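Student: Got a structure for you, questions after.
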Amino acid sequence: MFTRSEIELSWEQVSQGGPAPGVDGIDMPAFTADLDAQLDALTADLQAQRYQPQPYRVIEVRKASGGIRRIAIATLRDRVVQTAALQQITPILEPHLTSACYSYRTGIGVHDALQAVASIRDNGWQWGICADIARFFESVPHAPLLHMLTRYGIDATVIQMIHRWLITPFAIGAVQEINTIGLPQGLPLSPLLSNIYLTPFDKEMIQNQWALIRYADDMAIFFPHPAWADECEKEMEESLDALRLSLAREKTKRVSFEEGFEFLGARFHKEELIPALPHPYEKDQTPPPRKERPAPIQTIPHVEMRTLYLQEQGSTLSVNNGRFVIFRKDEKLMEVHTHNIEQIFIFGRVQMSTGARAYCLTMRIPVCLFSSYGKYFGILRPADDIPVALRRAQFTLGDDPEARLNFAKAVVANRIRGEQKLLQQHANHYPDSSLDEMIGRLYQARERIKEAQSVDQLRGMEGAAAAAFFHGYGICQRGALSFTQRLRRPPTDPINSMLSFAYTLTFYNILSYLHARRLDPGLGMYHEPRTGHPALASDLAEEFRAPITEKLVLSLANRNQFGSEDFTYDIDYAHEANPNNPPCRLTDDARKRFLAAYEEHLLKKVPHPDTVATVTWRRVMDLQVLRLRRWIEGAVDSYQPYEGK
């Protein structure tokens, strides 16, 4: 399992730690006196699979807050093997930790966490909740933790050994106490395992737009308005409950910078940061000045909806040992860790194994099904789990004519604004009087929207604005492919074909975010609800037409990245429907290239007013769904569409 050189490297690290012996009584000087023989024997036992961990010697330390903390001391021999395992799995697990986690990480500590809290304060978020988890280390269940390690790609043999270390008994006098739950404190592996187990909590809190700072099980979570405290605490409780953990009620406090509070051994009060008692996890509260260091690699701390596209006709998707495997006949086409995928789009004749279907349903990975040409068939997803109170609020708002009209005005005005901006950007480089005329019409349309008295009247105004935009869009086409008007059902030319396909991709990405944020996608506020149509996704898709779909297609066409040879015409369908205008579709190869370009576009970083750093377009979709949910729940007075720069 481990080579002699790996064991030596592990020993070098262990030798820098405490010299206390385990149950075998061998302390650091005794182990060092016969070092080569010890390491040779340990390596031989591991490679021959004879290695067995010994029970933990236990010491008990009284907590300052009351109660006893049990510290497990492994033998030096076991500490060396555990450290070797830690060195092996850390590079795999570290990238999955979020930016909210400051505990037990190289180059990151308490002072970084305190600085992060100060930054949140300086950005104007003045209210929060300080809390920790009730008996955290003693309460971590083993089975879910080991399942996480499997999902993250840790070798099965290493996982089995970690499990053995977790259930190794405590030696208390002459009695050995079996360990069936929890992470023994004092083991080299426990800090990293604790961080990994809380990563789903970290991600969910950040996904829900809370500003979280966590050090082990001590956490502070902030928000911009005190009215959000109840919702924040409820979501904390629900997320921890899913991990079979709970908040320590006596240590959960609602705080504000104005009134002051303590966190991680320091006191915050208004603009001040005052050192207080040393934090129990760090010996020195005043370390030397920080050195410049690179930021640690982080996973995306929010719902990214990383997508697996499957379009190899005749292939099959299966799941095996924490990986999605795509094969055709006996040929493996692709293999990807399941934790890297959060939604799957299947095009045409692609099969799913029973195990893959069950896994996607269990892990809440939506699977969208399309024809080989991109026509949507349906979605495979778990049973509806929308909270009753949220659904009731959504329907109540949907029954309010004034709220619907105000929402629709904002959404349509924002769509027109985006399309006007797209034409203006082109006109800045290629002045054209007829393009200026279309830009003027869009400006006038935006002004008229303010006077709309009903949603139906607004739809008429939107239609007139769309006609002006697509006339200008045709003027912007400077490549080999031409465009005269928008034709959707079916698209009959290459530009319309790419527009329709991109609209479809964006629409179902938004639908996935609505499901993830537990909103009912069937109840639209602008588009009329009808059976089988997720009208709310149509509502939100409006604001992404110009910056994602129309901008991408215009760029691809004007750079001549797609030509007439990349499209095919469905003559058979045309005979039945419209013989003079057969549907135009991307070829299989062109569709793959288009998907790659679409994904590349979504990964571009743009600013968003709800975040400090720039974010991807996928994150913008998620943030807009969160804005919508907060409006539905009454946390804000209106929905604000995304306006961009």
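Student: Failed condition for Ile274, given (1) open to solvent by 10 Å² or more (accessible area, probe 1.4 Å); (2) at pLDDT 90 or above, with all others met?
Tutor: Status for Ile274: all satisfied but (2).
Student: Separate question: Give just the number: which of (1) basic (Lys, Arg); (2) modelled with pLDDT of 70 or more; (3) open to solvent by 90 Å² or more (accessible area, probe 1.4 Å) does Lys291 not satisfy?
Tutor: Every listed condition holds for Lys291 apart from (2).
Student: Could you list all residues from region 499-556 that are of a type in the set (Gly, Ala, Ser), open to solvent by less than 10 Å² (accessible area, probe 1.4 Å) and over 22 Å from Gly463 (Cβ atoms)? Write out each step before concluding.
Tutor: The first filter runs over region 499-556 and keeps only residues of a type in the set (Gly, Ala, Ser), leaving 500, 502, 512, 516, 522, 524, 532, 535, 537-538, 541, 546, 555.
The next check asks that each one be open to solvent by less than 10 Å² (accessible area, probe 1.4 Å); those that pass are 502, 512, 524, 535, 537, 546.
Selection gives Ser512 alone.
Student: So Thr83 ticks every box in (1) open to solvent by 10 Å² or more (accessible area, probe 1.4 Å); (2) at pLDDT 90 or above; (3) in a helix (DSSP H, G or I) but one. Which box is left unticked?
Tutor: With respect to (1) open to solvent by 10 Å² or more (accessible area, probe 1.4 Å); (2) at pLDDT 90 or above; (3) in a helix (DSSP H, G or I), Thr83 is out only on (1).
Student: Suppose we filter region 537-567 for residues that are free of Cβ contacts under 8 Å to residues at least 60 places away in the same chain, assigned to a helix (DSSP H, G or I) and under 20 Å from Asp493 (Cβ atoms); how many remain?
Tutor: Residues of region 537-567 free of Cβ contacts under 8 Å to residues at least 60 places away in the same chain: 537-538, 541, 549, 552-553, 555-556, 561, 565.
From what's left, assigned to a helix (DSSP H, G or I): 537-538, 541, 549, 552-553, 555-556, 565.
Filter once more, keeping what is under 20 Å from Asp493 (Cβ atoms): 549, 552-553, 555-556, 565.
Counting residues in region 537-567 that are free of Cβ contacts under 8 Å to residues at least 60 places away in the same chain, assigned to a helix (DSSP H, G or I) and under 20 Å from Asp493 (Cβ atoms) gives 6.
Student: Take region 164-190 and flag every residue that is out of contact with any helix residue (DSSP H, G or I) (no Cβ under 9 Å at 6 or more places or on another chain) and open to solvent by 40 Å² or more (accessible area, probe 1.4 Å). Before you say what the answer is, go through the steps one by one.
Tutor: Going through region 164-190, the residues out of contact with any helix residue (DSSP H, G or I) (no Cβ under 9 Å at 6 or more places or on another chain) turn out to be 164, 169-177, 186.
Hits for region 164-190 are Arg164, Ile172, Gly173, Ala174, Val175, Gln176, Glu177, Gly186.
Student: Scanning for something buried (at least 16 other Cβ atoms within 10 Å of the Cβ), over 25 Å from Gly109 (Cα atoms) and over 26 Å from the mean Cα position of the chain (by Cα), does region 222-234 turn up at least one residue?
Tutor: No, there is no match, as no residue in region 222-234 is buried (at least 16 other Cβ atoms within 10 Å of the Cβ), over 25 Å from Gly109 (Cα atoms) and over 26 Å from the mean Cα position of the chain (by Cα).
Student: For region 109-162, which residues satisfy the criterion of being of a type in the set (Ser, Thr, Tyr) and buried (at least 19 other Cβ atoms within 10 Å of the Cβ)?
Tutor: Within region 109-162, the first condition is being of a type in the set (Ser, Thr, Tyr), and the residues that meet it are 119, 139, 150, 152, 157.
Correct list: Tyr152 only.
Student: Take Thr506 and decide whether it is part of a loop (DSSP other than H, G, I, E, B) and among the β-branched types (Val, Ile, Thr).
Tutor: Values: part of a loop (DSSP other than H, G, I, E, B): no; among the β-branched types (Val, Ile, Thr): yes.
For Thr506, the condition - part of a loop (DSSP other than H, G, I, E, B) and among the β-branched types (Val, Ile, Thr) - is not met.
Student: Need at least 1 residues that are open to solvent by 50 Å² or more (accessible area, probe 1.4 Å) and at pLDDT 85 or above per element, so show me which helices (runs of 4 or more DSSP H) inside region 569-645 make the cut, counting only ones lying wholly within it. Let's see the steps before the verdict.
Tutor: On the way: elements: 571-576, 588-602, 617-633.
Output list reads 588-602.
Rundown of residues vs (1) assigned to a strand (DSSP E or B); (2) open to solvent by 30 Å² or more (accessible area, probe 1.4 Å); (3) modelled with pLDDT of 85 or more; (4) touching a strand residue (DSSP E or B) at 6+ places or on another chain (Cβ under 6 Å), yes/no style:
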| site | (1), (2), (3), (4) |
| --- | --- |
| Ala356 | no, no, yes, yes |
| Ser372 | no, yes, no, yes |
| Asp385 | no, yes, no, no |
| Gln394 | no, no, no, no |
| Val411 | no, no, yes, no |
| Arg415 | no, no, yes, no |
| Ala427 | no, no, no, no |
| Pro431 | no, yes, no, no |
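The values are calculated or read from the model by the stated rules, or taken from the named source; none is laboratory data. Since the model is a prediction, treat every value here as computed from it, not as a measurement. Positions of Cβ are generated from backbone atoms using ideal geometry, with glycine treated the same way; all protein chains shown enter the neighbour counts. In case anyone asks, the SASA skips ligands and DNA or RNA and just uses the protein heavy atoms, side chains included. Shrake-Rupley method; radii C 1.70, N 1.55, O 1.52, S 1.80 Å.
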